[in-house]
Structures are given as structure tokens and as C-alpha cells.
């Protein structure tokens, strides 16, 4: 069973990780819109390409990546906490899930 | 792309996040048709944005559900997620080996069966008060094969798992409906990551669409998670049955006409 404190920390990781990512990305996108620097094809590669309005584009890309990484950060925290507390079953479960996600991501990126 | 378009995307995100968090479905089920049919966004770009909306729903709703309620069964979710994700991975690798339209019709039948069973549970008004929390260990172990199977079907069809996972959590694992929806939302975020990486690799993720959508979805999901705690389970189940029937009809139509197979 998760303790109330663990639930709270995990919830805060989900909440603030995603809020920071989305907030930074949204503010940067609005800045790009206002300053007329929004690329016609705004893919993630375009966000990190050098050129005009690099800082805003970079923050848009980094914000979305932070949002995508947030569940993995939460899972990593759960796993590390389980290792520290000697809860081996949960630690193994978190490690297996982490490995499965990375494998799936690797397969997906190869297939892309 | 202009300010008004960003506002439309943001507003659509609010609705998808709200419904996704209430039903435990991730949000893409609303976001993709909204972008594709109403805003004329190409399907592959809409699907990539749908995955971002699933992530934002999962993070926004789980943040609230974990901090301000005890609805999420984290330990059970980790175990179930392992089997569902493994099934989804296997299904993704098998995609193309099985006749798509047949699978879509089979999926539609399973969704209809799920809607009937959720409907039957409506007759027992007190059912959500007597169900076990956390789920019984024996029941959890026997259910893992079903979650693996649900993952395979979702991977084969390329659909989100919430439509199958929520009924399984509620009916088979006997979690109260609100806990099933909250636990499903917690699981959805991890499920979306591998597919999102594939879309990013293909250059299909349009940040100008994804960012305002994610912002709207996140706020909608926070509101949805709040309402999940306030609304009665019976009302949530009736809404969920409606969504199951609609999705089953859409899937059956695609299967019968051969579109999307």
C-alpha cells in the first residue's frame, strides 16, 4: 500500500512537472505568436534548430519534452524510494515498467 | 495559425481534459475527432496531439487525485500497467498480421458487452460502497491475463486502453468506478510515451497545435478530477456507457466499411 505521504509526493511530481512543462511551452508559444516568429512547420526538430527566436522555440520544445518525461520521473522516484525502503517487489515492478517503456520507445523510434 | 485558432484548440483541450479525467479515458477520444473533424487538422497530426492530450490528462488528473484523494491504487496500477503495456507492445508488433476489420468488429462487440455489464451494475445502487480497496490479491493475479489481452487488442488497433481498462478495473477487479477511472488515468501517461516518440521521430508532432491543446487539457483534467470526487458514481457510469456505445458504433462502422483497418 502507498502511504499518504508517498501519494502526496508522487502527485506533486505529476502536478508540478507537467505544469512547469506546459506553462513554459505555452508562454513561449504566445511570445512567438505575438512577435510573429512562429515557424510554418513547428516540429520538435524545428524547435531546436538554430536561427531567429531560438530561445522561445527551444523553450516550447523543452516544455513538451518535460511533460512527456513527467510520468517517467514519477516512476523513477517511486522505484528509488522502494529500493531505499527495501520494498523489493515494488522496486522490481518499477524497474520492469521503466525497461518496458524504454524498449517500446526504442522500437517505436526505430519504426518511425 | 493565429490567436483565434489557438483559442479554439485551447477550448477543445479543456473539453477533452474534462471528459478524459472524469471517465479515465485519457482525453484523446475527444481531442482527435475535434481537431480532425472540426478544425480540419490532418489525421496523423491530430493523433500525435491526441497522445500529448493523454499525457496532459494523466499528469493533471493524477496530480490532483494523488494529492487530494485516495482514489488511485498505485501498486495495483504498476502491476496492471506492466501487463497492459507488454500486451500493447506485442499487439503493435503483430499489427498487420490479423485482419483489421474483423478485429474492429470484435472490439466493438467487447465494448458493447462492457457497456451492458456496467449498465447491469447500475441496478445495485450501493455497489461502489462495498467493493474492495485495494483489490484482492487473488483477483488481481487472475485478472492480469485479461489486462494483457486488452493491451494486445489496443496495440493491434492503435487505440487507447481506457475504454477496456476502466470496465476491467471496475467489473473484474471490483474497484469502485471512481477509483477505476482515477487509476486508469494514472496508467495512461506511461502508455502514451512510446507512441509519442514514434510520432516525434516522424516529425508529425506540430508544437503550435500540441502546446495550446496540452494547456487546455491540463486545466480541464484538473477540473475533471475535482468533479470526479464530487459527482455520483451512477451519473459517471451513465456517461461512460454512452461513450462506450458511441465508440463501439464507430468501431463497428469502420470494420464494416473497411475504413481504418
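The values are calculated or read from the model by the stated rules, or taken from the named source; none is laboratory data. All figures in this text were calculated on a predicted structure; none of them were measured in a lab. Note: ideal-geometry Cβ built from the backbone for every residue, glycine included; neighbour counts use all protein chains shown.
The table below lists the values:
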item	result
Positions within region A:31-50 being at the interface with another protein chain (Cβ under 8 Å from one of its Cβ atoms), surrounded by fewer than 16 Cβ atoms within 10 Å (Cβ to Cβ) and assigned to a helix (DSSP H, G or I), in sequence order	A:45
Failed item, numbered, when residue A:67 is tested on (1) more than 20 Å from the chain's Cα centre (by Cα); (2) facing chain B (nearest Cβ under 9 Å); (3) crowded, with 16+ Cβ neighbours inside 10 Å	(1)
Residue identified as modelled with pLDDT of 95 or more and under 24 Å from residue B:13 (Cα atoms) among A:58, A:42	A:58
Residue match in region A:88-105 (condition: in a helix (DSSP H, G or I), under 17 Å from the mean Cα position of the chain (by Cα) and within 17 Å of residue B:204 (Cα to Cα))	yes
Odd one out for residue B:98, checked against (1) part of a helix (DSSP H, G or I); (2) farther than 23 Å from residue A:15 by Cα	(1)
Number of positions in region B:224-248 that are over 17 Å from the mean Cα position of the chain (by Cα) and in a helix (DSSP H, G or I)	7
Test: residue in region B:162-182 that is in a helix (DSSP H, G or I), under 17 Å from the mean Cα position of the chain (by Cα), within 12 Å of another protein chain (Cβ to nearest Cβ) and at pLDDT 90 or above	yes
Index of the failed condition, residue A:53 passing every other in (1) touching a helix residue (DSSP H, G or I) at 6+ places or on another chain (Cβ under 8 Å); (2) on the phi < 0 side of the Ramachandran plot; (3) more than 8 Å from chain B (Cβ to nearest Cβ)	(2)
Considering residues of region A:10-29 that are surrounded by fewer than 18 Cβ atoms within 10 Å (Cβ to Cβ) and within 9 Å of another protein chain (Cβ to nearest Cβ) only, the residue nearest to the chain's Cα centre (by Cα)	A:16
Qualifying residue in region B:197-211 (condition: under 15 Å from the mean Cα position of the chain (by Cα) and in contact (Cβ under 8 Å) with a residue 40 or more places away in the chain)	no
Helices (runs of 4 or more DSSP H) lying entirely in region B:1-79 (those with 2 or more residues that are at the interface with another protein chain (Cβ under 10 Å from one of its Cβ atoms) and surrounded by 24 or more Cβ atoms within 10 Å (Cβ to Cβ))	B:43-68
Some residue of region B:62-71 being touching a helix residue (DSSP H, G or I) at 6+ places or on another chain (Cβ under 9 Å) and closer than 22 Å to residue A:96 by Cβ	yes
